[in-house]
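Asker: I am attaching a structure below and will ask some questions about it afterwards.
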Amino acid sequence: MSPQNKPDRVAWLQGPAARCDEPSDVAQFPWKLVLLGAPGVGKGTQADLLNRRTRACHLSTGDVFRAAGSRPDCDQSPAMQAALGYMRRGELVPDSTVWEMIQERSECLHCTGGFILDGFPRTLGQAESLKQLMDSQGLALSAVVSYELPASEIVERLGGRRTCGKYKAVYHVTERPPKRADWCDRCEGRLFQREDDRPEAIKVRLETYERSTAPLIEFYKNLGLLVEVAAKGSPDDIFEDTLAKLESRRVREVARKVWATVEDHRSL
Ligand code: AP5
């Protein structure tokens, strides 16, 4: 997909005062997804691949904070400045700040192409707030994809990561290198290394994940939404596995609804 066709997500990245140039295509079955998994497991990479195939908009909370840190036209409030400090240290931004940001952008949950939440929710409090908000707006998640990978491989992935400042495309110096070192293949923007990819911040992020975010796996399993995917192998293989599991889930859901309708008619 050319950069011109890529949804620009400005309403997500800069807040509701900005409007997306080009709304996502209207999808027949728009996916409403949450991606779960430790930092560096490959959520952003998979969200990008899913976005290109399904057109569902990639909504990353980390990207919102990084955009605010790098662009003077984005939110520069004291709460946002404090959030950037938490982020640099590898700690979670307080739920209240994150939730304020999500509420301001809740229109993005109605995106006609669907959405892929990446990096949110990250605590049980955030997950419960999201559920309440979606219930109150007549929205329901299609699935929650949980990616799993041993910590040693995660550290290697984060150390070699490079990110495009403009389109947020993600590369790896050896596993997924750009065609020209340090430059984005899609927009020819300069690639950079994230501040929180320093070893001491990585350690804090992995510990924080285990403590605060891993419990969400059980939360979404209990809601019948969890789809587990091993994050080993090439990004394309993991993507195909994700898509196959999501499609088979969709088929099962459609069959379940058809049966429920048949049973309703029988009982009349
Ligand atoms: P965020 O931006 O969400 O970062 P993260 O969750 O730590 O996840 P990453 O973006 O680091 O990793 P990823 O899983 O997306 O992996 P990627 O695809 O890049 O959050 C950053 C910070 O913001 C948080 O620490 C926190 O402070 C704050 N924050 C954000 N949301 C918050 C919230 N809801 N509540 C509180 N605080 C919040 O891949 C990694 C590397 O591996 C890349 O180089 C990639 O090319 C490579 N790679 C990917 N797949 C493969 C593969 N299959 N094989 C080999 N290499 C691969």
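Asker: Restricting attention to region 187-208, and to residues there that are part of a loop (DSSP other than H, G, I, E, B) and open to solvent by 50 Å² or more (accessible area, probe 1.4 Å), which single residue is farthest from the ligand (Cβ to nearest atom)?
Answerer: GLU188
Asker: Do you know which residues across region 122-142 are in contact with a Phe, Trp or Tyr (Cβ under 9 Å, 6 or more places away or on another chain), assigned to a loop (DSSP other than H, G, I, E, B) and within 12 Å of the ligand (Cβ to nearest atom)?
Answerer: Across region 122-142, the qualifying residue is only ARG122.
Asker: Sticking with this structure for a sec: Just need a number here: residues in region 167-186 that are of a type in the set (Lys, Arg), within 22 Å of the chain's Cα centre (by Cα) and open to solvent by 40 Å² or more (accessible area, probe 1.4 Å).
Answerer: Number satisfying all stated conditions: 2.
Asker: Just for region 143-158: of the residues that are of a type outside the set (S, T, N, Q) and open to solvent by less than 40 Å² (accessible area, probe 1.4 Å), which one is farthest from the ligand (Cβ to nearest atom)?
Answerer: The first filter runs over region 143-158 and keeps only residues of a type outside the set (S, T, N, Q), leaving 143-145, 147-151, 153-158.
Retained after the next criterion (residues that are open to solvent by less than 40 Å² (accessible area, probe 1.4 Å)): 143-145, 147, 149, 154, 158.
On the way: ALA143: 17, VAL144: 14, VAL145: 11, TYR147: 7, LEU149: 8, ILE154: 8, LEU158: 6 Å.
Among those that are of a type outside the set (S, T, N, Q) and open to solvent by less than 40 Å² (accessible area, probe 1.4 Å), it is ALA143.
Asker: Scan region 228-249 and report the pairs whose first residue is outside any helix (DSSP H, G or I) and whose second residue is of a type in the set (Val, Ile, Thr) and open to solvent by less than 60 Å² (accessible area, probe 1.4 Å), with Cβ atoms within less than 7 Å and a gap of 6+ or a chain change.
Answerer: Close Cβ pairs satisfying both conditions: VAL229/VAL145; VAL229/ILE238; VAL229/THR242; ALA231/VAL41; ALA231/ILE238.
The values are calculated or read from the model by the stated rules, or taken from the named source; none is laboratory data. Owing to the predicted nature of the structure, the values given are computational and were not obtained by experimental measurement. Using ideal geometry, Cβ is built from the backbone for each residue, glycine included, and neighbour counts are taken over all protein chains shown. Surface areas here come from the heavy atoms of the whole protein model, side chains and all, with no ligands, DNA or RNA. Shrake-Rupley method; radii C 1.70, N 1.55, O 1.52, S 1.80 Å.
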